[in-house]
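*Asks:* Here it is: the structure, laid out below.
The values are calculated or read from the model by the stated rules, or taken from the named source; none is laboratory data. Small disclaimer: the values here were computed from a predicted structure and weren't measured. Note: ideal-geometry Cβ built from the backbone for every residue, glycine included; neighbour counts use all protein chains shown.
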Amino acid sequence: MTNDGNPGSPQVSPSAGSARDVVLAIQEAFRTADYARMAALYDDDIDWLFHGPVSIFPAIGHRRGKVAVFQGLEALNRLFSFSNHVTKSLIAEGDWVAGIADVTMVQRASGRTITCSVASFHRVRDGRLIYYRGFNDSFDAVEQVLGRVITP
């Protein structure tokens, strides 16, 4: 669902020019595992950071440049298969876009299903993503990956 309340995954051409359209196209490419399409929408010098514990999710953290980002995504895909990505809301202003999505992935080693909400912030220039910041409830995600509640 998008912020306009309509279900489904909108098909948007990045040539439409808006930052929102570019981010929607990236999300659709991620949802369908079309990494070549995603890469075409990323700037060569993207500043990319997904916050979380690198000891549990070694493929996340700070990446600079398209090659480094996609090496990280490749490593993440070796650990997890992504089975669902639903955009719950997306707000755009100028070249900035903020969104919330529900993500479901399966840990390949254990078969555990991990579900989480992800907040993301994007900046687009000339039809390409130049900046990304992602956040989730990493404590909850870690418990799901480990398959147990962490107690103090």
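*Asks:* Has the range 38-59 got at least one residue that is in a loop (DSSP other than H, G, I, E, B), among the hydrophobic types (A, V, I, L, M, F, W, C), more than 21 Å from Gly127 (Cβ to Cβ) and in contact (Cβ under 8 Å) with a residue 40 or more places away in the chain?
*Replies:* Applying the first criterion (in a loop (DSSP other than H, G, I, E, B)) to the range 38-59 yields 41, 51-59.
Next, only the ones that are among the hydrophobic types (A, V, I, L, M, F, W, C) stay: 41, 54, 56-57, 59.
When the remaining residues are screened for being more than 21 Å from Gly127 (Cβ to Cβ), the result is 54, 56-57, 59.
Then keep just the ones that are in contact (Cβ under 8 Å) with a residue 40 or more places away in the chain; that gives 56-57.
Looking through the range 38-59, at least one residue is in a loop (DSSP other than H, G, I, E, B), among the hydrophobic types (A, V, I, L, M, F, W, C), more than 21 Å from Gly127 (Cβ to Cβ) and in contact (Cβ under 8 Å) with a residue 40 or more places away in the chain.
*Asks:* Turning to a different aspect of this structure: Quick check: is even one residue across the range 74-82 buried (at least 16 other Cβ atoms within 10 Å of the Cβ), touching a strand residue (DSSP E or B) at 6+ places or on another chain (Cβ under 7 Å), at pLDDT 95 or above and assigned to a strand (DSSP E or B)?
*Replies:* The answer is no, given that none of the residues of the range 74-82 is buried (at least 16 other Cβ atoms within 10 Å of the Cβ), touching a strand residue (DSSP E or B) at 6+ places or on another chain (Cβ under 7 Å), at pLDDT 95 or above and assigned to a strand (DSSP E or B).
*Asks:* May I pose another question? Specify the residue that is nearest to the chain's Cα centre (by Cα); the eligible residues are those in the range 95-139 that are more than 16 Å from His85 (Cβ to Cβ), loosely packed, with under 15 Cβ neighbours inside 10 Å and not aromatic (Phe, Trp, Tyr).
*Replies:* Asp137
*Asks:* Moving to a separate point now. Starting from the range 126-152, keep only residues that are farther than 22 Å from Phe30 by Cβ and modelled with pLDDT under 95, then list their pairs with residues that are among the hydrophobic types (A, V, I, L, M, F, W, C) and not in a loop (DSSP other than H, G, I, E, B) whose Cβ atoms are within a distance under 8 Å, requiring at least 6 positions of separation or different chains.
*Replies:* These pairs meet every condition: Ile150/Phe139; Ile150/Val142.
*Asks:* So, one more: Does His51 qualify as being closer than 21 Å to Ala36 by Cβ and modelled with pLDDT of 90 or more? Even if it seems obvious, please write down each step before you answer.
*Replies:* Values: closer than 21 Å to Ala36 by Cβ: no; modelled with pLDDT of 90 or more: yes.
In short, no.
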